[in-house]
Amino acid sequence: MSLLARTRRIDRDVDLVAFAGADGLLFERSRVGIAGRGEALRVDWPAGDPSSAARRAAQTLASVAVDDEVGRPGCGAVAFGALPFVPGSAASLVVPSLVVGRGDDGTRWVTTVGPDDDPRHDRPAEDLVAEVPPTPALPPPRSITVASALEPDDWCDLVERATKVLAEGHATGALSKVVLAREVLVTGDRPFDRVAVLERLRTTFPGCHVVSVGPLICASPELLVARTGDTVRSHPMAGTAPRGGDPTTDQRLAASLLASATYRTEHQFTIDMVHDTLLGWCSYLDYEAEPSVVPVANLQHLATLVEGRLSQPAPSVLELVAALHPTPAVSGFPREAAVEWILEHEGFERGLYAGTVGWADGQGNGTWAVSLRCAELSGATARVVAGNGIVSDSDPLTELAETRMKLQALLTALVRP
C-alpha cells in the first residue's frame, strides 16, 4: 500500500504535550517540536548491524510520497523511535497518522499520513487538531513505594570494584572509564498520569528534551545528534555537579567542575569520540575550545557543542545515530570494552535507559537525545534509572549521592500530589 504524507500550515497554537496525550508520541524542547497520534507505518530496526538498520529505515521513510506546503524539518513523513542502550538491539520506529509541529519561529503545521485516498488529506487541518480528544486526568496515587533494585552498599561495592579494574586498565589502555547505573522501581496504588508527569517535567526542565515514546518518558539535557539540511550538531555532556538555590554556591561549584582534571578528562573522551565519528561525513567540523557549564534544575553539567557541515550526499540522521550511540558519556571508554564490562557486571538490563530517542523525517533530518532523566512507565509502575561515569579515582559514596540527585528528577515528577 502506497502512503502519502500531506503537510499544511495551521494558525491555531497547539500544546504538544496535550496533543500527544497518554497514548501519543512527543519530542519537544522549550515548547518547540513535534507530537503524533495514531500509527500509519511501523518501520523495523532489526537486531544486528545498526548501520544497515539505519539505512533501511531511512530508505523506507524516503519512499513515502510527500505533499508539503511548509517545507521544513519535521514535515512530511516523520518517524519517532527509542533505541535501547545495547548496540545492535532490535527496535522499531513509528510513523504517526497525524502529526502536529511547532517551529522556533512560531510556524505551526499538521501532517496527515495515509493512503492517497485518505479523506483526512482534504479535510481542514485545524479541524483535525480540534477533534483530537483531550486525555482525561487521572487521580494521583494515594500511596507510593520506592525500592532500589540493588542495596546502596552493594552498588558502592560495585563502584569500588570498577575503580580497581579501571586503575589497571588505565595503565594498559584496556579501560579508562565505565558508566554504572542504579535502577529504582516506583509503584503506586493507582496508575500514574502520564500527561501530568510530562507537564511537570516540562515545567521543571524547560531547556531539556521532553519526550514520550512507547513506555519511555524523559527530560533529557543531552543532544546526541541533530541534522537540519547539511548542518549537523551534537551537544555531549559528561561531568556533573549539584546546584541549589544559592547563586554564589552554584558558581563556585561550576568553577570547580570546570577546574576538575578528572571531569575534564572524562568529558574529553566523549568529545573526541563524537568529533572523530562525525568527521568522516563532514566537509567542516569543529567543537568549542572550552566546555561550558549547563544548569539543569538541581544539577549542572560540563557540555561542549560540536557543529559542522555534512558532505554530499548527506547521511540520514538515522545513520549518524547508529554510528554515535552509545557515546562514552553513557557507556565508557573505550566504548566496546566498557559496554562489555557493563553487561557482565552491572546486574540488570538497562532497556531504554542510556539509549537514544528522537525523530527522523523522509529528508534525513531529525533530532535525537540521549535517554537520560528517564523512566519506563507502565500503569502504576515506573522503572527509573540513573548512572554516573566512573574513573579510577572515583569515590563510591560521592557517586552514590550523585545518582540520588539524578534520580530526583523523575521521582519528583512521579510522586508530586
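Bear in mind these aren't lab numbers, they're just calculated from the coordinates by the rules spelled out. Note that the structure is a prediction, hence the values are computed from the model and not measured. In this analysis, Cβ positions are derived from the backbone assuming ideal geometry, glycine residues included, and neighbour counts consider all displayed protein chains.
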**Of V159, S212, A360, farthest towards positive along the dipole that unit charges on Lys, Arg, Asp, Glu beta carbons give the chain** = S212
**Request:** For the stretch 151-273, divide the Cα radius of gyration by the Kirkwood radius and give the resulting Rg/Rh value with two decimals.
**Result:** 1.02
**Asked** So how much slack lies between S51 and Q251, counting 0.36 nm per residue of separation and subtracting their Cα-Cα distance, in nm?
**Response** 67.8 nm
**Message:** Taking only complete DSSP H runs, can you tell me which helices of the chain stretch 24 Å or more along their own long axis by Cα positions and average at least 0.0 on the Kyte-Doolittle scale?
**Reply:** 396-415
**Fill in**
For the chain, the dipole about the Cα centre with charges only on Cβ (Lys and Arg +1, Asp and Glu -1), to the nearest 20 debye, works out at 660
**Message:** Once you place label points 7 Å from the Cα toward the Cβ at L185 and S148, how far apart are they in nm?
**Reply:** 1.6
**Item:** Mean Cβ count within 10 Å, highest first, over the residues of peptides 86-95, 177-186
**Value:** 177-186, 86-95
**Message:** How charged is the neighbourhood of R6? Take every other residue with its Cβ under 13 Å from the Cβ of R6, and add Lys/Arg as +1 and Asp/Glu as -1.
**Reply:** -3
**Prompt:** Say R0 is 35 Å: what FRET efficiency, to the nearest 0.05, do L343 and N298 get from their beta-carbon distance?
**Reply:** 0.70
**Message:** What percent of all Cα-Cα pairs in the stretch 179-221 falls into each 5 Å bin, going from 0 up to the bin containing the maximum distance?
**Reply:** 5, 19, 22, 25, 20, 8, 1
**Complete:** Of 58-65, 258-265, 363-370, 198-205, ordering from highest average Cβ density within 10 Å down gives 363-370, 198-205, 58-65, 258-265
**Message:** For a Förster distance of 25 Å, can you work out the FRET efficiency between the beta-carbons of T262 and D230, rounded to the nearest 0.05?
**Reply:** 0.10
**Prompt:** What are the residues whose amide H is under 5 Å from the amide H of L41, where those residues sit 5 or more places off or on another chain and H is modelled from the backbone?
**Reply:** V95
**Among G24, G103, G81, residue whose mean-square fluctuation peaks in a GNM of the chain (springs only between Cα atoms under 10 Å)** = G103
**Item:** Most positive-pole-ward Cα, N388, G106, S316, against dipole of the chain from beta carbon charges
**Value:** G106
**Request:** Would you mind pulling out the separation of the Cα centroids of the stretch 291-344 and the stretch 226-253, in Å?
**Result:** 14
**Request:** Towards the positive end of the charge dipole of the chain, with charges on Cβ (+1 Lys, Arg; -1 Asp, Glu), say which of F192, S52, A259 has the farthest Cα.
**Result:** F192
**Message:** Based only on Cα atoms, what mean projected area does the convex hull of the chain have, in nm²?
**Reply:** 20.1
**Prompt:** Rounded to two decimals, what is Rg over Rh for the stretch 50-110 when you use alpha-carbon atoms and the Kirkwood radius?
**Reply:** 1.03
**Request:** Write down the radius of gyration of the stretch 201-285 and its Dmax, each obtained from C-alpha positions, in Å.
**Result:** 16.1, 44
**Request:** May I ask for the Kirkwood hydrodynamic radius of the stretch 1-140, worked out over all distinct Cα pairs and given in angstroms to one decimal?
**Result:** 15.8
**Distribution of pairwise C-alpha distances over the stretch 263-376, 10 Å bins, in %** = 12, 39, 38, 11, 0
**Asked** What whole number of Å gives the distance from the Cα centroid of the stretch 147-196 to the Cα centroid of the stretch 49-93?
**Response** 31
